[in-house]
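**Student:** Supplied in structure tokens, the structure appears directly below.
Please treat every number below as a calculation from the coordinates, not as lab data. No experiment lies behind these values; they were computed from the predicted model shown. Virtual Cβ from ideal backbone geometry, glycine too; neighbours counted across all protein chains shown.
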Amino acid sequence: MHDRIRSRARRQIPAVARILDALGHCDLPRPVIVDLIRRKLSEIRAERSVPEFESIMVLVRRSLDELRASKLQRIINGAGIVIHTNFGRAPLPRDAICALNEIGSGYSNLEYDLAAGERGRRGSYVESALALLCEAEAATVVNNCAAALVLIVRHFTGTKTDVVISRGELVQIGGGFRIGEIIEATGAKLHEVGATNKTTVNDYARAIGANTAMILKVHRSNFFMSGFVESASTEKIGAVARKKRLPFVEDLGSGAVVATEELGTADHEPTPAEVLKSGADLICFSGDKLFGGPQAGIIAGKKRLIAALKREPLFRALRCDKLSLAALQATVDLHLNQRTGEIPTLTLLQISEDELRARAAAICDQLSERCPGLRVASGRGTAKTGGGTLPKSNLSSVTIDIVPKNSSLADFAATLRAWNPPVIGYIASDRFKLDLRTIFPDQDGLVVEAIRTVCSERV
């Protein structure tokens with residue numbers, strides 16, 4: 001009897017075609033919509049009872065909205081984090097966008113030597129330009145900094161397996177990944193030295209043995225320690241490495257090639273040129289952090305070591321595609337031509353408070369005029385560099401503070417996230433806040449329109 005009742009209930013489940021007709025036009029590919037409907041109907045079949053048709057349509061529409069929201073799309077970042085890993089890190093310079101359009105829309109000389117009329121070498125220009133920028137003998141590029149570290153460790157730990165590293169530098173990066181786990185994934189063994197808060201050059205010297213493959217120093221770019229702490233300098237570690245004839249590699253992570261003090265930050269980030277001059281054989285860093293370009297892992301240092309890395313079979317699996325190289329090439333040129341004011345990440349870090357206050361006043365005036373009853377005012381904020389860089393450098397900023405009418409703060413924030421383009425802010429001090437340091441000036445009008453429309457719909 002129970003099976004007959006359940007079979008009768010299942011017959012009440014609507015056909016896929018009926019749901020498609022009820023949905024009408026949808027801006028997702030039809031196969032994607034059909035697949036989602038089938039999965040939802042399959043879930044319903046596993047339940048004891050079948051919902052009403054309208055309830056099924058609500059479920060399907062909500063699931064389609066969630067799927068649509070998961071598509072890669074532009075957003076307005078009012079979170080106050082300049083290099084936001086969740087938001088794609090560094091916004092690309094205009095020259096890089098033009099390069100992407102030009103190279104991506106047709107054929108290119110990616111691996112073609114125009115002078116010789118035959119197969120050429122991928123990335124030859126950008127490698128030469130990066131070497132010049134980093135004041136290195138040579139440079140190369142892979143798809144991110146973790147890949148750069150994997151390639152380096154894999155190369156040096158062939159017959160010997162031990163990688164000497166300070167306990168105070170076993171950094172955890174975004175997504176829960178840890179430097180130690182990345183290194184061990186290559187088959188290498190960590191030889192930790194020193195204590196969490198104190199590692200001397202003698203700790204490195206004592207740790208070197210017959211199975212030592214390399215010395216690795218990791219710049220603590222996403223956290224800092226204070227108090228009873230000590231770290232061996234690059235110069236001292238480099239001297240030990242040379243004496244023991246071992247390769248010495250430093251992972252810089254953040255990719256600062258300009259003096260960060262000039263950006264108005266309190267900290268100095270070591271640059272590739274500084275670290276190579278201090279004794280490192282190789283350095284690696286990210287292309288999409290303070291460098292201001294696309295995702296990439298940049299390696300620079302001694303020519304013979306760079307050449308050896310490029311001969312590794314793993315190098316092909318980790319290499320960059322034409323779009324990454326095109327955007328990186330344009331960004332490197334901006335650095336070399338000293339046009340860093342055209343790199344959005346560096347520009348956002350340097351915006352003056354006066355400029356932010358003027359924009360805030362204009363936005364608040366427009367919202368007060370167009371949204372009667374809305375409580376809106378400018379406030380003080382603290383922005384962060386983000387992206388695992390400059391952990392001590394908070395940037396004074398200006399916010400738009402909103403107390404919505406006829407809506408909770410959480411609902412108001414969710415509605416703005418569903419806007420096109422989504423507007424992302426944060427809730428603090430019983431207000432919804434948008435930090436103007438991370439909102440581009442040409443987006444101010446979009447922010448006003450989004451808030452105005454949301455408020456009018458909730459009246």
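**Student:** In whole Hz, what ³J(HN,Hα) sequence does the stretch 376-389 give by Karplus (6.51, -1.76, 1.60; θ = phi - 60°), x for Gly and Pro?
**Tutor:** 9, 7, 7, x, 9, x, 10, 8, 10, 5, x, x, x, 10
**Student:** Per residue of the stretch 57-67, in order, report the coupling 6.51 cos²θ - 1.76 cosθ + 1.60 (Karplus, θ = phi - 60°) as ³J(HN,Hα) in whole Hz, putting x for Gly and Pro.
**Tutor:** Here the 3J(HN,Hα) series is 5, 4, 4, 5, 5, 5, 5, 5, 4, 5, 5 Hz.
**Student:** Scan around Val193 for amide H atoms under 5 Å from its own, H built in the peptide plane at 1.01 Å from N, and keep only partners 5 or more places away or cross-chain.
**Tutor:** Here Ile165, Ser166, Arg167 satisfy the definition.
**Student:** Same structure, new question: Take every DSSP beta bridge whose two residues both sit in the chain, then give the antiparallel share in percent to the nearest 5.
**Tutor:** About 60 percent, rounded to the nearest 5.
**Student:** If the reach is capped at under 18 angstrom between alpha carbons, list the aspartates and glutamates near Lys40, excluding any in the same chain fewer than eight residues apart.
**Tutor:** By straight Cα distance, Lys40 reaches Asp21, Glu52, Glu54, Asp65, Glu66.
**Student:** Using Cα centres only, tell me the gap between the stretch 102-126 and the stretch 186-263 in whole Å.
**Tutor:** 38
**Student:** Related question: Each residue of the stretch 102-109 in turn: what ³J(HN,Hα) in whole Hz from Karplus with 6.51, -1.76, 1.60 and θ = phi - 60°, glycine and Pro shown as x?
**Tutor:** Working through the residues one at a time gives 5, 6, x, 8, x, 7, 8, 8 Hz.
**Student:** Need one number: nm distance between label points at Glu355 and Lys71, each 7 Å from Cα along Cα→Cβ, rounded to one decimal.
**Tutor:** 3.3
**Student:** Now for a separate question. Which cross-chain or sequence-distant (5 or more) residues have an amide H under 5 Å from the amide H of Lys217, H modelled 1.01 Å from N in plane?
**Tutor:** Val249, Glu250, Asp251
**Student:** Whose amide H sits under 5 Å from the amide H of Arg89, counting only residues 5 or more places off or on another chain, with H placed in the peptide plane?
**Tutor:** His84
**Student:** On a 0 to 90 degree scale, rounded to 10, what angle separates helix 353-370 from the longest Cα axis of the chain?
**Tutor:** Roughly 10 degrees, rounded to the nearest 10.
**Student:** Still on this structure, I have one more. With Cβ to Cβ distances under 15 Å as the rule, what net charge do the other residues near Glu353 carry (K, R +1; D, E -1)?
**Tutor:** On the way: positive: Arg357, Arg359, Arg380, Arg437; negative: Asp354, Glu355, Asp435.
Taking every other residue near Glu353 into account, the sum is +1.
**Student:** Grab the other residues whose beta carbon is less than 10 angstrom from that of Gly253, score K and R as +1, D and E as -1, and report the net.
**Tutor:** Neighbourhood net charge equals -1.
**Student:** Need the list of lysines near Lys243 for cross-linking: C-alpha distance under 21 angstrom, and skip anything on the same chain fewer than eight residues off.
**Tutor:** Straight-line reach from Lys243, under 21 Å: Lys160, Lys217, Lys277, Lys302, Lys303.
**Student:** To continue, here is another question. Rounded to whole Å, give me the distance from the Cα center of the stretch 73-91 to that of the stretch 138-159.
**Tutor:** Answer, in whole Å: 28.
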